[in-house]
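Novice: Here you go, one structure.
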C-alpha cells in the first residue's frame, strides 16, 4: 500500500471534497482548541508577549515533515507523487507581507477568523467581510496584476532542491531552528510579560 | 518550566537525527507478475491498422503513434505524425515526456508486432497506462491499408465495405498517384469526331 491515494487511482478525485471537509473540520477544531480564535493570541506574536501561533504551526510543520520522511522510508507514501505548489518568488514575498500586515491589523488569519465566527465573535465577522471584499477586488484586478503574479516562476520546487541539500539534512536543520525558536520565544515571552502589566495572561 | 517540553525537544532531535542513520531501503514496487500477465492477455491492448488509419484520417488528437524501429528506418518510412522512440531507448530519461501524457493513447508499432509488443511490456512495467500495439505492424499496414486486396465476389457485404474504406484510406495516405489507376483521370487521347461540314446543296429542298 502506498499513498497518495488519488493520483494512484485508488480512490477517485471526487473524494477530494469529502476529505477536504473532514480535514477542515479537524483543522478548525484544533485551531479553536489551541486558542487561535483569540486575536490577542495571534497579534501577540508581533508584540512579543504570546508566541503560541508560532509554536503551534512550527510544531505542526516539523511533525508533518519528519512523519512524511519516515512514511516515505517505510514505503507507506510515495513522495514523488505528492503535489508541490509552484513557487512564484516575487509575488509570494509581497503576498506574505500583505498577509502579515492583515494578521497584525485584524488579529486573525483567514482560517482563524472562521473559528472565531464559530464562537460568535463580531470582529471576526467584520474581518471575514473584509476578506471577501479583498478576494473580490483581487479577482477583478487580476488581469492587470497577472503578469506580476506569475513572475519569477521557479516551478514545482522544494527548498532542499533549491539549496542542493538532501531532504534529511534540510529537515534536521529546520528542526534545530524550530527548537531554538521554541526556547527563544519562551525567553522573550517571559521578559515581555514581566514588563507588560496591563494584559492578563491565562 | 515544564519538564515535558525538554523531553519533547529531545524526542524531536532524536527523530530528525534518526533520518540520517536509517539504512538504505528500496521501496520500488514493480508491477506484480500476475497483473502483468493479466494485462498482456487482454485483446484490447491491440489496435488494428483500420482503427489507426481511421484515427489518423479523422485527425484524432488523442492518438500518439510511436515508432519503435531504429532511427534510420524511421526516417525512411513511417506513419504520418509518428514519433520515433527506438526500442532500446524506451527507458531513456529523455523520451519519458512522450509517454504517459494524460488522455493520450500511445500506439507502438514496428515492422511486425514483436518489437512493438516488447516496447509495450517495458512501458507497462514502467507504469504507463493507455498504451497499445498496432497489430501486425507496418507489414500489415501495407497489406491492409496501402495495398488492400479486393475480396472475392462471394465475400460478405462487410468485407466489401471494409475494402471500400481501406481503398479510401489508401488514397488518403498514398495520394493521387494511386487514384489515377482507377478513375481514369490520366490523360488519354479522346478522338474528337468533328461533324463534317454539310456539303453545299446536299439534299434538296
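The values are calculated or read from the model by the stated rules, or taken from the named source; none is laboratory data. Note that the coordinates shown come from a computational prediction; the quantities given were computed from them, not determined experimentally. Neighbour counts run over all protein chains shown; Cβ positions are idealised from the backbone, glycine included.
Novice: Could you please find all residues in the range A:3-31 being surrounded by 12 or more Cβ atoms within 10 Å (Cβ to Cβ) and modelled with pLDDT of 90 or more?
Specialist: Correct list: A:24, A:27, A:28, A:29.
Novice: Return a yes/no flag: does the range A:107-118 have any residue that is surrounded by fewer than 18 Cβ atoms within 10 Å (Cβ to Cβ) and modelled with pLDDT under 90.
Specialist: Yes, the range A:107-118 contains a residue that is surrounded by fewer than 18 Cβ atoms within 10 Å (Cβ to Cβ) and modelled with pLDDT under 90.
Novice: Also, I was wondering about something else. Residue by residue through the range A:28-81, note down the ones that are away from chain B (no Cβ under 14 Å) and on the phi > 0 side of the Ramachandran plot.
Specialist: A:35, A:48, listed by residue number.
Novice: Could you check, for the range A:168-191, whether at least one of its residues is part of a loop (DSSP other than H, G, I, E, B) and either loosely packed, with under 14 Cβ neighbours inside 10 Å or more than 14 Å from chain B (Cβ to nearest Cβ) (or both)?
Specialist: No.
Novice: With (1) within 18 Å of the chain's Cα centre (by Cα); (2) away from chain B (no Cβ under 14 Å); (3) loosely packed, with under 14 Cβ neighbours inside 10 Å; (4) within 25 Å of residue A:53 (Cβ to Cβ) as the list, and residue A:86 as the residue in question, which single condition is left unmet?
Specialist: Exception for residue A:86: condition (4).
Novice: OK, next. If I ask for residues that are loosely packed, with under 11 Cβ neighbours inside 10 Å and at the interface with chain A (Cβ under 7 Å from one of its Cβ atoms), which ones from the range B:3-27 would you list?
Specialist: Within the range B:3-27, B:25 is the sole residue that qualifies.
Novice: While we're here: Output the residues belonging to the range B:120-153 that are more than 15 Å from the chain's Cα centre (by Cα), within 21 Å of residue B:87 (Cβ to Cβ) and in a helix (DSSP H, G or I).
Specialist: B:121, B:122, B:124, B:125
Novice: Are any residues in the range A:138-160 in a helix (DSSP H, G or I) and touching a strand residue (DSSP E or B) at 6+ places or on another chain (Cβ under 7 Å), and if so, which ones?
Specialist: Scanning the range A:138-160 gives a single hit, A:149.
Novice: Answer with yes or no whether residue A:156 is within 23 Å of the chain's Cα centre (by Cα) and within 14 Å of another protein chain (Cβ to nearest Cβ).
Specialist: no
Novice: In the set A:62, A:54, A:101, which member is modelled with pLDDT under 90, under 25 Å from residue A:44 (Cβ atoms) and assigned to a helix (DSSP H, G or I)?
Specialist: On inspection, the qualifying residue turns out to be A:54.
Novice: Is the range B:71-93 home to any residue that is touching a residue at least 12 places away in the same chain (Cβ under 8 Å), away from chain A (no Cβ under 14 Å), part of a loop (DSSP other than H, G, I, E, B) and under 30 Å from residue A:74 (Cα atoms)?
Specialist: Checked against the condition, which is being touching a residue at least 12 places away in the same chain (Cβ under 8 Å), away from chain A (no Cβ under 14 Å), part of a loop (DSSP other than H, G, I, E, B) and under 30 Å from residue A:74 (Cα atoms), the range B:71-93 yields at least one hit.
Novice: Okay, next question. Evaluate the following for residue A:161: is it away from chain B (no Cβ under 11 Å) and under 27 Å from residue A:62 (Cα atoms)?
Specialist: Considered against the rule, which asks whether it is away from chain B (no Cβ under 11 Å) and under 27 Å from residue A:62 (Cα atoms), residue A:161 comes out as yes.
Novice: Does residue B:170 count as surrounded by fewer than 14 Cβ atoms within 10 Å (Cβ to Cβ) and at pLDDT 85 or above?
Specialist: For residue B:170, the condition - surrounded by fewer than 14 Cβ atoms within 10 Å (Cβ to Cβ) and at pLDDT 85 or above - is not met.
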